[in-house]
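Below: one structure, written as structure tokens.
Just so it is clear, none of the values below were taken in a lab; they were calculated from the coordinates. Fair warning: this is a prediction, and the values are worked out from it, not measured in the lab. Counting neighbours? That spans all protein chains shown, and the Cβs are built from the backbone with ideal geometry, glycine included.
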Amino acid sequence: MSTEPTTPTVAELEEQERRLVLRRFTHDDAWALGSLLVELAREREAPVAIDIHRAGQQLFHAALPGSAPDNDAWIARKRRVVERYGSASYLVGARFRAKGTTFEESSRLDPDTYAAHGGSFPLTVADVGVIGAVTVSGLPQLEDHRLVVAALERFLGE
């Protein structure tokens, strides 16, 4: 019996986005969510960089021990996918894989600018829509995604 976590389906990833919706998102909320992510990452000894953007403005950034400048480049590429598609970077990649292709092969977007790899999740405000993204880089892509989802779940009190 495998102890590896199963890869989520497109439907499961879409359900996460429907469920993880905020009532509002202020500068103080960005600090609280970012600080929570730092706490979770430290508990896991995760060598990650963490970023929160809203409406084109960086509201939070942290680089934990073991992270590198390359993580910031990955953050920017994953965040651009969320900004363009309005969905989690991991979900965007999963949708392409479900069609039997890859984001890199079929999106026609520059892979130096966009990366549909896990770790960036849309900040969606009820009755408003996607207003930004919370992004983690430094772990394998599914672990980056799961760290962000765990933080949003805790932040929302789920």
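Listing for the model above:
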| item | result |
| --- | --- |
| Glu14 versus Arg108: modelled label distance in nm, points set 7 Å from Cα along the beta carbon direction | 2.4 nm |
| Separation of the Arg154 and Thr6 label points, Cα + 7 Å toward Cβ, nm | 2.6 nm |
| Length-normalised contact order for the chain - Cα pairs under 8 Å, 6+ apart - percent | 28 percent |
| Gaussian network model of the chain, Cα within-10 Å springs - most flexible of Ile75, Ile50, Ile131 | Ile131 |
| Residue order, fewest to most beta carbons within 10 Å, for Val92, Val81 | Val92, Val81 |
| Per-residue Cβ neighbour rank within 10 angstrom, fewest leading, Arg19, Arg108 | Arg108, Arg19 |
| For the chain, size of Cβ-based charge dipole, Lys and Arg +1, Asp and Glu -1, in debye | 360 debye |
| Fully extended contour minus Cα-Cα distance, from Ala73 to Ile131, at 0.36 nm per residue | 18.8 nm |
| Value at 222 nm in deg cm²/dmol, rounded to 500, when DSSP H runs of n ≥ 4 in the chain each add -39,500 (n - 2.57) | -14500 deg cm²/dmol |
